[in-house]
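Participant: Please read through the structure below; I'll follow up with questions.
What follows is calculated from the coordinates using simple rules that are stated; it is not laboratory data. Values in this document were obtained by computation on a predicted structure and should not be read as measured data. Here Cβ is always computed from backbone atoms with ideal geometry, including for glycine, and neighbour counts include all displayed protein chains.
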Amino acid sequence: MPIRDVHDIERLKKINEALISRVERSMDQQGNAFSLFQTAINLENRVRSRTEELRATLRRLEVSNVDLVAAKENAERANLSKTRFLAAASHDILQPLNAAHLTVSALAEVQTTEEGRKLVQQVERSLETMEELLRILLDISKLDAGVVQPEITDVALEPLFASLKSDFQPVTDQKGLKLRFRATNAVVRSDRTLLRRILQNIISNAIRYTRTGGVLVGIRHRRRTVRIDVVDTGCGIPEDEYEAIFEEFHRAPQAAEADPAGGGLGLGLSIVRRMASALGHPITFTSVVGRGTIFHLDVPAAKTAFVETPAAPVEERPRGYGLFDTKVLLIEDEPDVQDAMTVLLERWQCTVRSAASTIQAVEALGDTAWIPDIVIADQHLEGGDLGSVTIAAVRDYLKRDVPALIVTGDTSETVAQAARDAGVELMRKPLKPAQLRALLAHLLA
C-alpha cells in the first residue's frame, strides 16, 4: 500500500517503529560481527606475539644449553686436571720429605751425644708435623675433587677397635688417661680405610683435649644401623662453636687451653666430615662445656654377621736382626731418595744395588751371579716404568719369586690393586725406617 494512501496516523507510527526496530537489529548484528572480527584479529596478534616470545625463549634456552654443556665439559676437564695434579702431588711433594725422613734416620744411627740425639728428635718431630699437614691437605683436596671412591665391604668392628686401641694406648698411658673399647661382634657396611681414618681422627681429638678421665668407644644397635659412640671427658664444645669445629684450621680457645702443647692443626674434624659425607655416614655430637663430648657415627649394619680374626701384629725385630748381609735391589729414580735409602740400608748391614728403571734393574743383576734377597721399588719410575712391572721383570729374569716391596707416595687404589695383583707388599711414603726394617725382617724370615 502506498504511503499516501495511508490516513491512519497510529498505523503509520506502528509501521515506522517496526522499520526502526528492524534497522536497529540489523545494525546490532553488523556491530556484533565487527566486534567478533576485531576480537579475532586481536587474538591472532596475541598468538603471533606469544609465538615469537616462545621462539625467542627457546632460542635463548638452546644457547644456554650449549653454554651449560661447554661449562660442564670445562668443569670435567678441570676436575681431571685436578685429579692428575693430586696424583702427581702425592708422589712429588712427598718424595723430598721421604728422603729427609730416611736421611734423619741414618743420622740418628751415628749420634753419640745426648745433644745430637735431641736435635735429631726435633727434626723428626718437625718432619712428622709437615708430613701430617701435607697428607691432610692432599686428602681434603681429593675428597673435594671427588677423587676418593669408597670401597664398601663388610667390616668387623672388633679387630678395627683392637687396632685403634693398639695405636692410642701408649698416648693415653703417657697422659694418665683411661682408654676403653667395648667388645663387640658387630659388622658394618663401610670402607675399611675411611672408617678407620674417621674414628682415628675423632679419638685423636678426644685424647688431645682431655686432661683428666678418659675416652670410651662403644656401639649401639639402631634398627638397620650401628651407632659408634666416642665419649670423652674433655673440655667440651660451646654451642656457638658447633658448626665452626668442622671448618679448616679452627681451634677453639677452650681447646687450646686443654691442649697447651698446641699439637692440633685444626683439620681433623674437617677431614672427618668430608669422609663421613663420602661414605654417607651421618655424624652428630652432643657436648657440655667442662664435662665432655660424645660423637655419634651411624653406619649401616651388614646383613651377615661374622667375627674377623685380627691379624697378628708384626713385631719389630732387634736392629739388624735378619738383615745382616741381605742383598737388596733398590729401584728408585729420585736421586736424593735413592742415596738416603742406600745409606740407611747399608747402616743395617745390607748390600745394595740401585737402579732407576726396568732396564737398569735387569742390568744390575748382571749374569745372575748376584741374586737379591729382596726387591724394593718405587711405583713411578724413570721413563714411565712402573715398579710392579719392574718387579715382575726381575722375577721373570731370575726365574724365581723374590720377596718384593713397593714403596710409593701414590695413595690411589690403582697402586694398591697393582701391588695385590703382583703379590707384593706395599708401603706409603714417607717411610718410617723402623716399620721398614720390621717389614723387611718379616719378609726375609
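Participant: Search the structure for amide H atoms under 5 Å from the amide H of ASP191, placed 1.01 Å from N in the peptide plane, and list their residues when 5 or more places away or on another chain.
Facilitator: THR153
Participant: Shape verdict for segment 372-445, please, from the Cα gyration tensor: rounded (a/c under 1.5), prolate (a/b greater than b/c) or oblate. Present the calculation step by step, with values, prior to reporting the outcome.
Facilitator: Numbers: a/c = 1.68, a/b = 1.02, b/c = 1.64.
It comes out oblate by the Cα gyration axes.
Participant: Here is a further query. So, in Å, what gap is there between the alpha-carbon centers of segment 91-122 and segment 341-417?
Facilitator: A separation of 24 Å, based on Cα centres.
Participant: As an exercise, use a Förster radius of 41 Å and the Cβ-Cβ distance of SER64 and ARG196 to find the FRET efficiency, rounded to the nearest 0.05. All intermediate terms of the calculation are to be shown ahead of the outcome.
Facilitator: Details: r = 45 Å, r/R0 = 1.10.
Computed FRET efficiency for SER64 and ARG196 comes out at 0.35.
Participant: Residues with amide H under 5 Å of HIS380's amide H, sequence separation 5 or more or different chain, H placed in the peptide plane at 1.01 Å from N; which?
Facilitator: GLY387
Participant: Next up: Once fully extended, how much extra length lies between VAL362 and ILE15, figured as 0.36 nm per residue of separation less the alpha-carbon to alpha-carbon distance? Spell out each step's value before the answer.
Facilitator: Details: separation 347, 0.36 × 347 = 124.92 nm, distance 12.87 nm.
In short, 112.0 nm is gained.
Participant: Still on this structure, please answer the following. How much length is gained on full extension from ARG50 to GLU239, taking 0.36 nm per residue of separation minus their Cα-Cα distance? Write out the running numbers ahead of the final one.
Facilitator: On the way: separation 189, 0.36 × 189 = 68.04 nm, distance 5.53 nm.
Value of the extension gain: 62.5 nm.
Participant: Another one. Trypsin sites (Lys or Arg not before Pro), restricted to segment 361-445: which are DSSP loop and have at most 16 other Cβ atoms within 10 Å?
Facilitator: Details: sites: ARG395, LYS399, ARG400, ARG420, ARG428, ARG437; in loops: LYS399, ARG400.
For trypsin sites (Lys or Arg not before Pro) across segment 361-445 that sit outside H, G, I, E and B with at most 16 neighbouring Cβ atoms in 10 Å, the list reads LYS399, ARG400.
Participant: Now a separate question. Convert each backbone phi in segment 213-224 into a coupling constant with the Karplus relation 6.51 cos²θ - 1.76 cosθ + 1.60 (shift: θ = phi - 60°), then list the ³J(HN,Hα) values in order as whole Hz, x for Gly and Pro.
Facilitator: Along segment 213-224, the couplings run x, x, 10, 10, 10, x, 9, 9, 7, 10, 6, 8 Hz.
Participant: Chymotrypsin sites (Phe, Trp or Tyr not before Pro) within segment 330-404: which are DSSP loop residues with at most 16 other Cβ atoms inside 10 Å? Don't jump to the answer; show the numbers that get you there.
Facilitator: On the way: sites: TRP348, TRP370, TYR397; in loops: TRP348, TRP370.
Sites meeting the loop and neighbour criteria: TRP370.
Participant: Related question: Show me 66-72, 94-100 ranked by packing, highest mean number of other Cβ atoms within 10 Å first.
Facilitator: The packing order, highest mean first, is 94-100, 66-72.
Participant: Which pairs, out of LYS72/LYS429; LYS118/LYS175; LYS327/LYS429; LYS327/LYS399; LYS165/LYS432, put more than 25 Å between their alpha-carbon atoms? Working shown, then result.
Facilitator: Working: LYS72/LYS429 35 Å; LYS118/LYS175 21 Å; LYS327/LYS429 22 Å; LYS327/LYS399 17 Å; LYS165/LYS432 20 Å.
LYS72/LYS429, as the Cα separations exceed 25 Å there.
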